[in-house]
Amino acid sequence: MTPMQILFLITGVVILFSAVMAVSARKMIHSALWFVLALLGVAVVFAMLEASFFAVVQVLIYVGAIAILIIFGVMLTRRALEDNGKHINRATITTTVIVIFVFAGLIYSLRLWVPLLATTTPLSSDHLDVGSLGLAFTDPRQFSLPFEITSVLLLAALIGAIYIAYERKDEKK
Amino acid sequence: MSQLFSLNSLVWLLPLPPLLGFALITLFINRSKRSSHRAALAGAGLSFLASMIVFIKAVTTHALAENPFGSAINWLPTGQTWLKIGVMIDPLTAVMLFFVAWTVLMIFIYSVGYHNFGQPVGAHDQPGLPPHGAEVKEHGKTHHVLSIEPLYSRFFALISLFAFAMYLLVVSDNLLTLYIGWEIMGLCSYLLIGFWYGKESARKAAIKAFITTRIGDVFMLLGLAALYSLTGTLSFKEILSNPQVLGLLSTSLSPVFGLSWAGLIGLLLFIGTIGKSAQFPLHVWLPDAMEGPTPVSAMIHAATMVSAGVYLVIRFFPLISAGWLPGDPLNPTMTIMAVIGAFTALFAATIAMTQNDIKRVLAYSTISQLGYMIAALGIGAYTAAVFHLVTHAFFKALLFLGSGSVIHGMEHGVLHTNEHIDPQDMRNMGGLRHKMPRTFWTYLAGALALSGFPLITAGFWSKDEILSGAFNSSNMIVFITLAAAALLTAFYSARQLSMVFLGEPRTEAAKHASETKPVMTSPLIILAFFAITLGWAGIPHEFPLLGKLSPAWFQEFIGQMLQTEQVSEGHSLIPLITSLMVSLGGLALGWLVYKGIRSAQQLDPMEKAFGFVFRIFQKKYGFDEMYEFLFIRPAHWLAEKLSYQIIDLTLIDGTLHGIALLGVKIGKLLRFGFDLPVVNGIGDSVSSGTKGAGGLLRKMQNGKIQHYMGLAVVFIVVITLIVVYFLHAF
Amino acid sequence: MNFLYDPIPFIINWLNSLMLSWGWPVDVVQVVMFVLGALLICVGAMLFTTLLIWAERKIGGRFQDRLGPNRVGPWGIFQTIADMLKIFTKEYITPAGVDKIPFNLAPVLAVAAVLSIWAVIPFSETFSGVNINIALLYIIAIGGLGEMAIILAGFGSNNKYALLGAFRAVAQLISYEVPMVIVLLIPVMFTGSMGLNDIVQAQKIPFIVLAPVACLIFFISSIAENGRAPFDLIEADSELVAGFNIEYSGLKFGMFFVADFLHAFTSAIIFTTIFLGGWQGPGVATHPILGGFYLLAKTLIVYFAMLAIRFTLPRFRIDQMMALNWKILTPLSLVTLLVTAVVDKSIPRELMAVRIGALLVANILIWLVADRLFTVYSRRHTRLVVSGPRPLARPDLKSSKEERASL
Amino acid sequence: MIPLWWYLILSAAIFCIGLFGAITRKNSIGILISIELMLNAANINLLAFWRYLYAQQGDLRGQVFVIIIFVVAASEAAVGLAMIISAYRRKQTVIANEIDSMKG
């Protein structure tokens, strides 16, 4: 048990616990906060994978943007929070069975896979350079097309979100 | 850039402005009468300018006939070769352009006035009928004045299209585009003759004109096809300027009448001309075409479209006369042309002599003059024919427009006096020279030119040239016939002048006739100028005294077209004296006979003197009746009996009914034997099965998204299990 | 003398070797060092803040023509300490119905978020908390945590006004992050790195010379991010009671208070680091400790500018604030980024003078055009104010202006 | 060092938790949260594979995928929340199973 492994186990437990809380908390806002914690845990995992860029981006995008959006959404739909009905629907038991089945299936299918036990050595510093990723995204021979398509997707989502959520004057009751 | 604005492209663009005008008027601006005539005039004006530029360039080019300018492009692929279309300017085209441009522009301007632009809209006017006039209240009194044509814009659209077709015909360098222009003109002629379609006579005249010219066109198309199949080209230059082709055509024998191929094709094309230029025996449509508005008569049926027929023959003269040299005996095709032309000239002149409708006289006169040209071509007087074509276009356009002006003045009188008379009947006129001085003087110029008044009119020079040609080529029969026709021409010109302008007014309407507006008279003045002066471009060298002054420019210019060294017709005194005699004599005779008419009801003096013969002439030799009896009635009978009753009703309908009955029988059999039990049974069971299955599956489609998600997961798991256990994928 | 020239790394190295010599494993030593460093910076920052609060109150007093704190200690310098003691001893009121976890988490998160930024700031050439290559991204990401703190506070309070304040605050913060992030790309572009130390090292000539418009935009946005006047709608004491922190009392309120001041100072440091050349100055190559003083001096100047703005300008309306951001700063920042990129890439690095001149000219041009456009725009959108003649206290006297004219 | 399968198990567990939430949560924002969790699980997988199998060769494909998933997640959150708010405004509910008709 190296310190890293201990750290990983702690992080994993935190992530799993907060994920479980996020999907099962009665209050939506608590759910969102647990979700934030889970995301921070994932960011730590990223950092452990020596992808510090992704760790920071994870915080920036998920915590700084998506989580805040979700909390906004929760707050804007507060009236629905106050009804005290069941927060999860009837299919809980069935779903639990299914999910356990899926998880078992995943474990089973991973069982015999050879690179599963792979370990690795620390990366040299030139592999950690964000610059090479940036260059890869602007190089037409590598990923500039996916990059452009992604940006178009983002733009479309931006416009679409504004359009959908825009409150039209004539629809006001 | 220079390529774009070169003369060559100017020639290509030359016919297009009127077409644009037509499209513009038809599609966009037909609501506005003012914009309509503006568009039409702009189109005609642009083409006119282009034509003048091209004409001046053509005239100043040395040896234009050897090096005509123009170009051709590939148009339709025909197997390995291309059907080319193109434009070409040679001397003949140049002079055609000259007179077409001038007459077309003049007639466009004239039309504005003729259709009463600026007058009020008549209360009772209807589209398709000539305007009845409007009532205007002024100073407490009600005036009847002329009213504007209801279909004003349509008129300008159609004549624009017509002008396009004429320009297209003139500038094309091949028979195909010429034929296209030719047929568009036929269509426009049909539409414009029937312009006042509310009148039954106009409708009939339009159909008559269309069908009659179509007969000629079919033969022309045959000639065209023959030419194409023999030579593989329709380009004028490749056929007519190629001695090899001409020689081949003139020496090879065709299967018909023992004519050479050149002769046969020439004959077929000539039949097209007979239709278009209203030569005997297809002349019957032209007088009836006078049902159209007068500018139409002037433009289509005097100056341009009928000239197109003559133009075709002139253009193909090298083919028709292939192998013939001046002085040789005429070849069969030329003989036919000479005979038909001369006969038509005399024959139409006799009818013209007896008509009372001012426009009909001119119509028969046109036929007669076109006969002159055909006859001239038939005897090989090529330049004379061209010359007469040009001068005739000007003075006949002038005469028609003048007659329109007279009719207009008379209509004004009729409206003013409320007298119910025909404003076109010459018997109702008289003494109009005081009322309509500008019209009179210009009309006088035109009439003198028509009758060949010596020296000062263009008609004299061109007609004299034809008579000399006939005399010198020693075709005495043709010469005598033409001379007689010239005499009659002068006679009926004098008759018309006397009846219309001289003497005293014979009706109230004539007393109150008034001069027409400047927009109508100024084209008359311009055309009168050409009717007088144009002849001086072609005074022959040998003419006493004057011949030394003038260089016979026209003959030289056109003469380039022929390979032979024939500049102008040989000249001698006998034809000169003859033409002087016939013109002056005819004029004097006509004036003497008709100066004494005092009242509209009076019998024609000639009828008094000649009676029966006169009446035959007046009935136009009964050609219309003969055609009616010979062709139309049998055709009707055949159509009724054979086509309708026997073939249509009995044979075709019977067969069809039989098939229908059979179909019904088979259908019934199929319905009860197969459709209902088998097909419907299967269909019903499928549908009820689907319905049942749908009822079962409907419960899954409940709109609850998590339900779907759960199902999807379940199915993925199941499929994965199947893949793993049964296919051993892992 | 080496110690005096560059003391901090010296101490760090000494501690490191000391612990290693005790036989501790490397990992443990590193963790201990991190903890120590974090503690040092946090405590230092906190202490500094108390000084800042005093200075701010004092300067504010001068701006507003009064004395400011002047009773506790010389020049009132211990006033903040006294306030702290008061705050520590106050009762923690937790209103009924609050959501405990968010309510208590929020102030901690607020302070933590600001302090986290200090981890990446290069204080001198040789000393910075962590020199990561994506420090700029990290700063922006941490800003998100600050927003989270505000939301938690607003939501956890179970108070309508708090929630409203939180909404406003987050809307403002998120909005002003947009032009800020865009103009931050310009130094990144100049440097080719997101590491703060790299950026400072690249500033032989401070980037304020190369990109004055971007600098201005960043300055305005960072004031807005701090929520200080004229962008203090979040707290808007006279309007919103107190904004998102209305239900807090005692030390929890104190933490928000400290976070606020600290955030302002941190913004000034970041601004200095990115646009004013950070620790760059004469003599830093041989005496790295000088860099820390340069940084401090520059930061204080910037902070003073912020204070001057805070105490002189009136508050924006919320629509004006949003219009300023979305209609002026965001487009302007995009244009600036574009123009700067084009100009920068089209002139080779070797022609330093030409490059600086061209960038300056481009920036001035952008500014002139933008100024013209926005003047036209604002004239067109000026709201008509309907008001009658101003009531005079003593209508028998003429207005002072006329009076002066008459004298 | 941590072996690869630790990450994979962690990611599988997060994924299954997300899946569970996505199917069982009534609140549609809860569903959104669960989906984001699943995406995060995928990200962990991708980065882990990249780190262990490709990073040494300088192959960047795993990172590229992760970035694209970030963008997709952000877009999805934005559009999804916009839709939820829009639906809430009309129907006064965010319970996914109550929003089951396309009209209105």
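Computed from phi, the 3J(HN,Hα) profile of the range B:717-725 under the Karplus parametrisation 6.51, -1.76, 1.60 (θ = phi - 60°) reads 4, 4, 5, 4, 4, 4, 4, 5, 7 Hz, with x in place of Gly and Pro.
Centre-to-centre separation between the Cα atoms of the range C:331-372 and those of the range B:371-437: 83 Å. Computed on the range C:234-300, the Cα convex hull volume stands at 101 Å³ per residue. Report summary: the helix-based calculation at 222 nm, which adds -39500 (n - 2.57) for every DSSP H run with n ≥ 4 and divides by the residues of chain B, gives -20500 deg cm²/dmol.
The range B:449-480 and the range A:3-58 have Cα centres spaced 116 Å apart. Rg and Dmax, both from the Cα atoms of the protein assembly as shown and both in Å, are 53.1, 159. Mean projection of the Cα convex hull over all viewing directions, computed for the range B:553-706: 34.9 nm². The Rg/Rh ratio of the range B:359-404, with Rg taken over Cα atoms and Rh as the Kirkwood radius over Cα pairs, comes to 1.04. Computed over the Cα atoms of the range B:356-612, what is the convex hull's projected area averaged over all directions, in nm²? So the Cα hull casts an average projection of 13.9 nm². Taking the charge dipole of the protein assembly as shown about its Cα centre, with +1 at Lys and Arg Cβ atoms and -1 at Asp and Glu Cβ atoms, the residue from B:LEU175, C:THR89, B:LEU76 reaching farthest to the positive side is C:THR89. Normalised by the number of residues in the range C:112-214, what is the relative contact order in percent for Cα pairs under 8 Å and 6+ residues apart? Taking the mean separation of contacting Cα pairs over the length of the range C:112-214, I get 29 percent.
For chain C, the longest piece that avoids every one of the GluC sites (Glu not before Pro) found in DSSP loops with at most 14 other C-beta atoms within 10 Å covers C:92-238.
So what's the angle, to the nearest 10 degrees on a 0 to 90 scale, between helix B:382-417 and the longest Cα principal axis of chain B? That works out to roughly 90 degrees. Listed by chain and number, the aspartates and glutamates placed with their C-alpha closer than 20 angstrom to that of B:LYS699 are D:GLU98, D:ASP100; residues fewer than eight positions away on the same chain are left out.
Pairwise inverse Cα distances across the range A:1-82, averaged and inverted, put the Kirkwood hydrodynamic radius at 13.4 Å. With contacts taken as Cα pairs under 8 Å at a separation of at least 6 residues, chain B carries a relative contact order of 11 percent.
Relative to the longest principal axis of the Cα atoms of chain B, the long axis of helix B:476-500 makes an angle of roughly 90 degrees.
For helix B:518-533, report the angle its Cα long axis makes with the longest principal axis of the Cα atoms of chain B; keep it between 0 and 90° and round to the nearest 10°. Tilt of helix B:518-533: around 60 degrees. The base-10 log of I(q)/I(0) for chain B, evaluated at q = 0.09, 0.11 Å⁻¹, reads -0.80, -1.16 [Debye formula, identical scatterers on Cα atoms, solvent excluded]. Computed as a quarter of the hull surface, the mean projected area of the alpha carbon convex hull for the range D:4-98 stands at 6.0 nm². The separation of the range B:166-191 from the range C:138-210, counted between C-alpha centres, amounts to 80 Å. Here the convex hull built on the C-alpha positions of the range B:86-225 has a volume of 105 cubic angstrom per residue.
The residue among B:PHE155, B:SER685, B:PHE270 whose Cα reaches farthest toward the positive pole of the charge dipole of chain B, with charges on the beta-carbon of Lys, Arg, Asp and Glu, is B:SER685.
Comparing C:ALA96, C:ALA38, C:ALA323 in a Gaussian network model of chain C (Cα springs below 10 Å), the most mobile by mean-square fluctuation is C:ALA96. Charge dipole of the range D:4-98 (Cα centre as origin; +1 on each Lys and Arg Cβ, -1 on each Asp and Glu Cβ, all else neutral): 280 debye, rounded to the nearest 20.
Per residue, the Cα convex hull of the range C:216-344 amounts to 130 Å³. Placing +1 on the Cβ of every Lys and Arg and -1 on the Cβ of every Asp and Glu, with nothing else charged, gives chain C a dipole about its Cα centre of roughly 1280 debye.
How many percent of all Cα-Cα pairs in the range B:576-622 sit more than 11 Å apart? Tail of the P(r) past 11 Å holds 73 percent of the pairs.
Pairs of Cα atoms in the range C:1-127 fall into 10 Å distance bins, from 0 up to the last occupied one, in shares of 10, 24, 27, 25, 12, 2, 0 percent. Here the Kirkwood formula puts the hydrodynamic radius of the range C:90-379 at 20.0 Å, using every distinct Cα pair.
Net charge dipole, the protein assembly as shown: roughly 3420 debye, given to the nearest 20, about the Cα centre with Cβ charges of +1 for Lys and Arg and -1 for Asp and Glu.
Distance cut-off 26 Å, Cα to Cα: go down the list B:LYS33/B:LYS199; A:LYS27/C:LYS86; C:LYS298/C:LYS327 and report the pairs above it. In this structure, A:LYS27/C:LYS86; C:LYS298/C:LYS327 exceed 26 Å between Cα atoms.
Each value in this text was obtained by applying a stated rule to the coordinates, not by laboratory testing. The model shown is predicted, which means the values in this text are computed figures rather than measured ones. For neighbour counting, all protein chains shown are included, and Cβ atoms are generated from backbone atoms with ideal geometry for every residue, glycine included.
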